[in-house]
Amino acid sequence: MESIIAQLIDGLARGSLYALIVVGLTLLLLVRGVVHFGFPYIVVMTAYLGWMVLGLTNNNLLISLPAFVIIGIILTVATEPLFRPLAQKRAFLETLVLGQGIAIIFTDIWSHFFLHGQLVAFPSNIAAGGGRIRFGMIYFTLADIYALVGGLIAVGILLYFLYRSKQGRAIRAMAQDLDIARSLGIPFNKTGLVGFGVAGALAGIVAIAIAMILEAINPGIGDALAVKALVLMLFAGMGNLMGGLVCALMLGVVEAMAQALMPGRWTEAITFGVIMLVILVRPNGVFGSRA
Amino acid sequence: MAKRNNVLTVQNLAVAYGHIQAIKKVDLQVNQGELIVLLGSNGAGKSTLLHALLGKVRPSRGRIIFMGQDITQWPTENIVAAGISIVPEGRGILSLMSVMENLQLGAYHVKHDITENLHRVFKLFPLLEERKKQQAGTLSGGEQQMLALSRALMSSPKLLLMDEPSLGLGPIIVNELYAVIADLHNKGQTILLTEQNARKALKYADRGYVFDLGTSVLSGTGPELSSNPGVRKAYLGGGD
């Protein structure tokens, strides 16, 4: 029983990591009508650069953690002009190709030019959130707690931004009807940059969560995250924010449980098997509309 | 009466979509407080002109002067911020958002507190205040047109554009709508509208322009156009 609780906590923490990526991708989908497949790779790039900042500052978290967020914002905003012409034409599928291109280039950069793609471990004051906790048999890291609480706070702030702020309203208007949004005088370029900036801040937060939960990175992590994030978006119903959140947390828990209860390396097969079955029953996603 | 201030001047305008010349040559003028109607059949270039005024399509020739400034090449957001707003054809309600959010979006460029603006449109359409939390898509066609008009008024525009406002609405709603338009006109709102319902529009308009094949071919006051044989034949249903 205790080990199940520990797995549950671990699963929720992982799930909130997925949730933040899915939320970031959904935000980008709303603001530009693009599937930014490169976004999870920007997260990995941010984690690498953040690792360097940690090294340069003697593992000073007060400098490094904000640096993660700033790097995430800069990298994500830098990709906005690439998507702009396709977004104006609403060329949805083409944006997938563009995102995939960014993904491959980013992965190759770290694979070929940086320590030959070896695993890079984060220092002990950030890895595992700086400590481990034990209640009897229940054993988890501080990182799990930070990721869960931090994830919830980040998502809460994002929802407030989208549904209560002027810029958030403008983003949702553009998502719903670009032509009308333009007629109302909502600036296409500025609103897009704001959306990409907010998604970039999320990328920075996810990179911190990766440093804490996974404790180490290699260039291949982007692939694993991207596939899961894309599957989660389809699984939840494209553009469905709350659906994506719930599904992401569920995925984390299912993974952790499969890890605890099934032998060895079957985690992914089981997880994706469940997803396949659900998609067959509900092709528009668990929370998608039937229209 | 003193000559009224000029709000909008369109000179020698041409607009093309690719190879299709949607507007060949349009000249028109709108003065402060005027209600101007653009008449013409489908494809005559009326809607294209409104889109060009908003900067959504770029003219290939000519100039658009608004409040003394050449706005021909301005981006849409600057034009809206300068004081032109539109009631789009087919109303263009953001149906998944609430009535209130639609109104707030109409005031996107308003810098000050919008309570006063809300108060003004709610006074015009009390029904919208009752339904401000309702999803806009659940409103009836007539109510959506009222919302679209209110949304355009939220920015206190110096020039209000209306693209085929009576399209798809029943005769009773159209009468109500024109009563509101006439009321706005009486209060001094400058309005430029396109309309296929020529009889209705000419009854209220100060002046009108007739478009044909992308060219403004004729202009005159409401009564002048109403009694013009060509206009009667083409737009008022024959020689009655």
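The values are calculated or read from the model by the stated rules, or taken from the named source; none is laboratory data. Keep in mind it's a predicted model, so treat the numbers as computed, not measured. Please note: Cβ atoms are built from the backbone with ideal geometry, for glycine as well, and neighbour counts cover all protein chains shown. Areas reflect the complete protein model, heavy atoms only, side chains present, ligands, DNA and RNA absent. Shrake-Rupley method; radii C 1.70, N 1.55, O 1.52, S 1.80 Å.
For this structure, a couple of remarks:
- Boolean, residue B:148 is within 10 Å of chain A (Cβ to nearest Cβ) and out of contact with any helix residue (DSSP H, G or I) (no Cβ under 7 Å at 6 or more places or on another chain): yes
- The single residue among B:96, B:153, B:167 that is open to solvent by less than 70 Å² (accessible area, probe 1.4 Å) and of a type in the set (A, V, I, L, M, F, W, C) turns out to be B:153.
- Subset tally (residues that are under 24 Å from residue A:100 (Cα atoms) and among the charged types (D, E, K, R)) for the stretch A:207-223: 1
- The combined condition, being closer than 30 Å to residue B:155 by Cβ, within 14 Å of chain B (Cβ to nearest Cβ) and open to solvent by 40 Å² or more (accessible area, probe 1.4 Å), is not fulfilled by residue A:178.
- Number of residues in the stretch A:152-182 that are in a helix (DSSP H, G or I) and among the acidic types (Asp, Glu) equals 1.
- Criterion (among the aliphatic types (A, V, I, L, M), at negative phi and surrounded by fewer than 16 Cβ atoms within 10 Å (Cβ to Cβ)) met by exactly one of A:97, A:69, A:44, A:35: A:97
- Search result, residues across the stretch B:132-155 that are out of contact with any strand residue (DSSP E or B) (no Cβ under 9 Å at 6 or more places or on another chain) and assigned to a loop (DSSP other than H, G, I, E, B): B:139, B:140
- Matching option when the condition is part of a helix (DSSP H, G or I), loosely packed, with under 15 Cβ neighbours inside 10 Å and among the polar types (S, T, N, Q), among A:16, A:3, A:111: A:3
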